[in-house]
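Only the coordinates and a few stated rules stand behind these numbers; no lab work does. Remember, predicted model here, so these are calculated numbers, not experimental data. Methodologically, a virtual Cβ is constructed for each residue, glycine included, from the backbone with ideal geometry; neighbour enumeration extends over all protein chains shown.
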């Protein structure tokens with residue numbers, strides 16, 4: 001009986017160890033994909049969803065922090081670390097930790113933009129995150145300024161589907177600020193650039 005229990009315990013440890021190795025291998029591949037400039041925005045969203053579903057956000061955060069220490073001049077590490085904090089904030093409904101995660105994300109985006117002011121992801125996520133801060137923090141004008149600047153940057157870049165999100169968010173900020181005319185003008189401009197974006201079409205149709 002004792003030998004049987006020992007055998008079962010060894011087998012359990014082997015399975016657990018194998019699962020850890022398997023997840024670690026795939027987590028490393030996922031992080032490499034997130035850091036690669038060749039990975040599309042849509043593919044990154046898929047990767048983040050897979051990491052979240054696998055319970056791998058904490059491990060990913062730890063790996064990105066370690067990568068930042070080894071590669072302090074690479075803006076991709078703090079940019080993706082900020083996105084990791086955002087995904088964790090969404091995933092865990094962090095309650096009292098929400099403010100901490102939001103600040104950690106914001107600081108990570110600041111670090112990325114200090115290294116590379118043109119980093120699209122860091123600019124977008126920072127503005128999007130600030131748009132959810134409490135009204136009393138008065139972040140609206142800063143969000144509008146950041147998004148307007150990002151639209152100017154996008155105009156000099158090859159069009160990407162995710163660029164439509166900037167017009168959507170900027171219009172919503174104008175709407176919050178009590179300027180529906182400017183909001184509609186922004187959405188129409190975005191729709192002229194990205195006519196196949198369903199959300200922009202809804203905005204200009206008043207749905």
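Once the stretch 141-150 is narrowed to residues that are in contact with a helix residue (DSSP H, G or I) (Cβ under 7 Å, 6 or more places away or on another chain) and surrounded by fewer than 17 Cβ atoms within 10 Å (Cβ to Cβ), the residue that is farthest from residue 40 (Cα to Cα) is 142. Of all residues in the stretch 159-182, those satisfying the criterion of being part of a helix (DSSP H, G or I) and free of Cβ contacts under 8 Å to residues at least 12 places away in the same chain are 175, 180, 181, 182. In the stretch 183-205, is there at least one residue being under 21 Å from residue 43 (Cβ atoms) and either assigned to a helix (DSSP H, G or I) or in contact (Cβ under 8 Å) with a residue 60 or more places away in the chain (or both)? Checked the stretch 183-205: at least one residue is under 21 Å from residue 43 (Cβ atoms) and either assigned to a helix (DSSP H, G or I) or in contact (Cβ under 8 Å) with a residue 60 or more places away in the chain (or both).
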